[in-house]
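Following: one structure in structure tokens, then a few remarks.
Please treat every number below as a calculation from the coordinates, not as lab data. Quick caveat, the model's predicted, so the values are computed rather than measured. Cβ coordinates were reconstructed from backbone atoms using ideal geometry, including for glycine residues, and neighbour counts include every protein chain displayed.
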Amino acid sequence: MAGDAAGRALESAEHGWRVLRRLAGRHAGFFTTRQVLRTRCEARVRIALGDGSVTRAGVGMLRLAEWQPGPLDEYAMWAAWFDGAAAVSHHSAAELHGIGRLQPRFLHLSVGSGRPPVTPRLVVLRRSLIGAEIESAGPFLVTTPLRTVLDLAEADIGQPALDEVIADAIAINRCTSAEIRYAGKRLPARAASRLYRALASA
């Protein structure tokens, strides 16, 4: 009887570890201490931290050591923090799409739910995005080029910067001027006016 219970506990722990690894695999090996608790893998992760197969990536963040460092790790890490319910947006999305030269000092995320981390690095915007407004960038989500253009028309960037973003988006076929013009009808008057000025000079 005791042997059966021990066997079930071991099987449950192995299942939890597989689930945790699957979650981490969605975000370039990153996972959170919350996910460790949810999968009941505390003991396994302590051992992995000891043998180096798991490393600490920040407060409340860990990573499977088998994943090699990459240029987009920060995006993947914060996607893991929000359990995948976040999309890189605004200035950061423009940088990823190669439109404009905004050179953001912060990482902009649009988040539907979840507690934001305490860090000056992030700008977290609370909003829900529909599926057509986001796309996969592998280990994280990013707003589409069209949604990014609309967001920046509503943001506080200067008109010359917006002009450049839209000109680049059209020039490298991220979206068409017709798509931008049509989508602009849904924007508030000031943002729509900025958008149409940018289109006129593109």
note = Mean separation of Cα contacts under 8 Å (at least 6 apart) over the residue count of the chain, i.e. the relative contact order in percent, is 15
remark   = Expressed to two decimals, the chain has a Cα Rg over Rh, using the Kirkwood radius, of 1.12
ask   = Full extension from Tyr196 to Arg101: what is 0.36 nm times the residue separation minus their Cα-Cα distance, to one decimal in nm?
value = 32.2 nm
task = Could you calculate the contour length gain from Ala178 to Val118, that is, 0.36 nm times the residue separation minus the distance between their Cα atoms, to one decimal place in nm?
result = 17.5 nm
message = How much of the DSSP bridge set in the chain is antiparallel, in percent, rounded to the nearest 5?
response = 65
task = Express the C-alpha Rg of the stretch 73-169 as a ratio against the empirical globular expectation 2.2 N^0.38 Å, rounded to two decimals.
result = 1.01
key: Amide H within-cut-off set for Ala57, under 5 Å, with H built and near neighbours excluded   = Leu62, Arg63
task = Give me the angle, in degrees from 0 to 90, between the Cα long axis of helix 189-201 and the longest principal axis of the Cα atoms of the chain, rounded to the nearest 10.
result = 70
message = Under a crude label model (7 Å from the Cα following the beta-carbon direction), how far is Leu49 from Arg18 in nanometres?
response = 2.6
inquiry  = Report the gain in length on full extension from Ala171 to Ala132: 0.36 nm times residue separation, minus Cα-Cα distance, nm rounded to one decimal.
reply    = 11.9 nm
remark   = So the angle from the long Cα axis of helix 42-51 to the longest Cα principal axis of the chain, reported in degrees to the nearest 10, equals 90
ask   = Can you list, bin by bin at 5 Å, the percent of alpha carbon pairs in the stretch 5-95, starting at 0?
value = 3, 14, 23, 24, 15, 10, 6, 3, 1, 1, 0
